[in-house]
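Visitor: Structure provided below as structure tokens; questions to follow.
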Amino acid sequence: MISCRRFTDLVASGELDDSGWLTRLQAGQHRWVCRRCRAFERNDRVLDDILSAHRDRLMRPDDPPDQDGSGGSGGSAGSQG
Amino acid sequence: MAQPPSQRRSDPVAAHVADNVADNVADWARRWRTPMLRFAQLHIQPKEDAEDAVQEALAAALAASADAPPVLDPRSYLFGILKHKITDRLRQRYRREQPVSELVSSDLDEALFDDKGHWHPGVEPSLWQSPEGMLASDQFFAVVDACVHKLPSKPARVFSMKELLECEADEICATLGMSKTDYWQCMSRARKQLQVCLTQNWFEGGER
């Protein structure tokens, strides 16, 4: 059976998605018997949600500028004009 | 494509369209420049290079908008252009770098696993409890940001291309000139370290 180290590598790297049936079977066996690695895998899935939300927050726009051109709060005055 | 001023004067409709396009892009620049720069700086250093990439993206948006239909989703449009500009720069900069295996040390795995590859006592993962509102918490994302910034440089580069630029694995390997095995190694290192960091600093830590 594969080790916890190998299992976590397969899961965290995404390699498991590209693996053949034998590796998937071995990973499935390991998952079945190892609650720690099951927890790791569940957390890794939650990490996907966290990173998706992180990405969205990074791409948030600044506040829209005032219509009269007096400037918003985004601190982008230097780019105007 | 913008028309020469003399031609614009004789064609008021074209002049009006061109002015609208310029106004739109100027408005985008005011609203989106800072988040675009923040995003670019995650991938490109120094800051001046990141600013250049943002400037190029805005200039490309201006050039493309004149002939294109109205943009309904400026965020996707501008970040789409910016991602290409960032990828181009990463390709030029990192293609001939040294192999990843030399740079991704196994110190983390040694801290987590024993010689047989089993979890060391005390460091094994436990299920994260995800309270309602965690994904809306500024404090939580400050921790996420800090954890991302602690990643070693090469895994961080691969990780941010995958998770933030949303590039496919093959594109990342081609851009950075690395093998698939190196790519997996970097991603494994980055995601394991992030899980450990978030566990220590949020899920089991006391920053809430």
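The values are calculated or read from the model by the stated rules, or taken from the named source; none is laboratory data. Remember, predicted model here, so these are calculated numbers, not experimental data. FYI the Cβ positions are ideal-geometry reconstructions off the backbone, even for glycines, and counts take in every protein chain you see.
Visitor: Looking at (1) of a type in the set (Gly, Ala, Ser); (2) more than 21 Å from B:Gln41 (Cβ to Cβ); (3) part of a helix (DSSP H, G or I), which is the only condition B:Ala156 fails?
Guide: Evaluating B:Ala156 over (1) of a type in the set (Gly, Ala, Ser); (2) more than 21 Å from B:Gln41 (Cβ to Cβ); (3) part of a helix (DSSP H, G or I) leaves (2) as the failure.
Visitor: Residues that are surrounded by 20 or more Cβ atoms within 10 Å (Cβ to Cβ) and of a type in the set (A, V, I, L, M): does region B:109-130 have at least one?
Guide: Yes, some residue in region B:109-130 is surrounded by 20 or more Cβ atoms within 10 Å (Cβ to Cβ) and of a type in the set (A, V, I, L, M).
Visitor: Among the candidates B:Glu168, B:Glu110, which residue alone is farther than 28 Å from A:Arg60 by Cα and within 11 Å of chain A (Cβ to nearest Cβ)?
Guide: Checking each option against the conditions leaves just B:Glu110.
Visitor: Here is a follow-up. Being facing another protein chain (nearest Cβ under 10 Å) and aliphatic (A, V, I, L, M) is the filter; apply it to region B:144-154 and report the residue that is nearest to A:Ala53 (Cα to Cα).
Guide: Residue satisfying both the conditions and the ranking: B:Val144.
Visitor: Exactly one condition in (1) away from chain A (no Cβ under 11 Å); (2) within 24 Å of B:Ser76 (Cα to Cα) is false for B:Ser160; which is it?
Guide: Here B:Ser160 meets the rest and fails (1).
Visitor: Among the listed residues B:Ala50, B:Ala63, which satisfies the condition of being within 14 Å of chain A (Cβ to nearest Cβ), of a type outside the set (S, T, N, Q), part of a helix (DSSP H, G or I) and surrounded by 14 or more Cβ atoms within 10 Å (Cβ to Cβ)?
Guide: Being within 14 Å of chain A (Cβ to nearest Cβ), of a type outside the set (S, T, N, Q), part of a helix (DSSP H, G or I) and surrounded by 14 or more Cβ atoms within 10 Å (Cβ to Cβ) holds for just one of B:Ala50, B:Ala63, which is B:Ala50.
Visitor: Report yes if B:Arg91 is at pLDDT 80 or above, more than 18 Å from A:Leu47 (Cα to Cα), in contact with a Gly (Cβ under 9 Å, 6 or more places away or on another chain) and more than 12 Å from every other protein chain (Cβ to nearest Cβ), otherwise no.
Guide: Yes: the conditions hold for B:Arg91.
Visitor: List pairs: first in region B:51-79 and farther than 16 Å from B:Ala29 by Cβ and in contact (Cβ under 8 Å) with a residue 40 or more places away in the chain, second in a helix (DSSP H, G or I) and of a type in the set (Phe, Trp, Tyr), Cβ under 6 Å, 6+ apart or cross-chain?
Guide: Listed pairs, sorted by first residue: none to list.
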